[in-house]
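**Q** Let me begin by handing over the structure; questions about it come next.
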Amino acid sequence: MRVIAAITHQATRKACTHSATSCAMIEKAKGLPSPSNYITRFGSLAVAYRLIGLEFKRRYYRAETSSHITAVIKEAVDAIVLYFERYGGSATFSDESRLLTINQSLKVSMRVARPISESHRGEQRYRLVKSACPSSDLTLVIRLDASKTKAHDYYLLPTDLLARSRDRQLRLCNRVFAERYRYENLGELSPTLTRKSPLNIAI
């Protein structure tokens, strides 16, 4: 397979020995697909590396998961920022606080729900990663699909409601994640953010 052949490239093998800079080195290497291509095809860089006989310490896998969660958040943020810029509003994002500020007023925390296991009742459990900013008005939870690589749907919740939940695993069957907070895609979600922000923009 062409992807397998590419990942065995010398530059990729060199990158694999330095987990902290692996993604950056693959991005810079000529003739290689981006790290996101490997993640989409194999589920993670770690799985792709394993196919060519490379294994890593546990801390690498944690770092890779964190890097992927950051990429998922960035993809959603970029789409929302583009939406508001297109219609004359404004949206800015702080990487440090993971806080999205819309029309200089509405503050939205960004979190991701990763599938981890099923309960004894067969209900899927999800773990929320990335802490919410307590000063935010709303929290946007991006729920990943079963492969843990792509966004499946979105939940826009009042941050104080999320903070009151005592369930650390925060299963999606939990009433905190009511259907009325759910959006199938960002195209449905963005107009809601517009209505909740104080600046009216033409749509």
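The values are calculated or read from the model by the stated rules, or taken from the named source; none is laboratory data. Nothing here was measured: the structure is a model prediction, and the numbers come from that model. Don't worry about glycine lacking a Cβ; one is built from the backbone with ideal geometry, like all the others, and counts go over all protein chains shown.
**Q** Pairs please, first residue from region 162-186 and surrounded by 12 or more Cβ atoms within 10 Å (Cβ to Cβ) and among the aliphatic types (A, V, I, L, M), second anywhere and part of a helix (DSSP H, G or I) and modelled with pLDDT of 75 or more, Cβ atoms under 9 Å, 6+ apart in sequence or on different chains.
**A** Hits for this filter: Leu170/Leu162; Leu170/Phe177; Val176/Leu161; Val176/Leu162; Leu186/Ala76; Leu186/Ala79; Leu186/Ile80; Leu186/Tyr83.
**Q** Before we move on, is Asp137 out of contact with any strand residue (DSSP E or B) (no Cβ under 8 Å at 6 or more places or on another chain), of a type outside the set (S, T, N, Q) and at pLDDT 90 or above?
**A** no
**Q** Sticking with this structure for a sec: Kindly indicate whether Ala163 is touching a Pro at 6+ places or on another chain (Cβ under 8 Å) and modelled with pLDDT under 85.
**A** Criteria met by Ala163.
Listed here are the residues, each with its yes/no results for (1) under 21 Å from Asn174 (Cβ atoms); (2) in a loop (DSSP other than H, G, I, E, B); (3) at pLDDT 90 or above.
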residue	(1), (2), (3)
Gly88	no, yes, no
Met110	yes, no, yes
Arg114	yes, no, no
Ser131	yes, yes, no
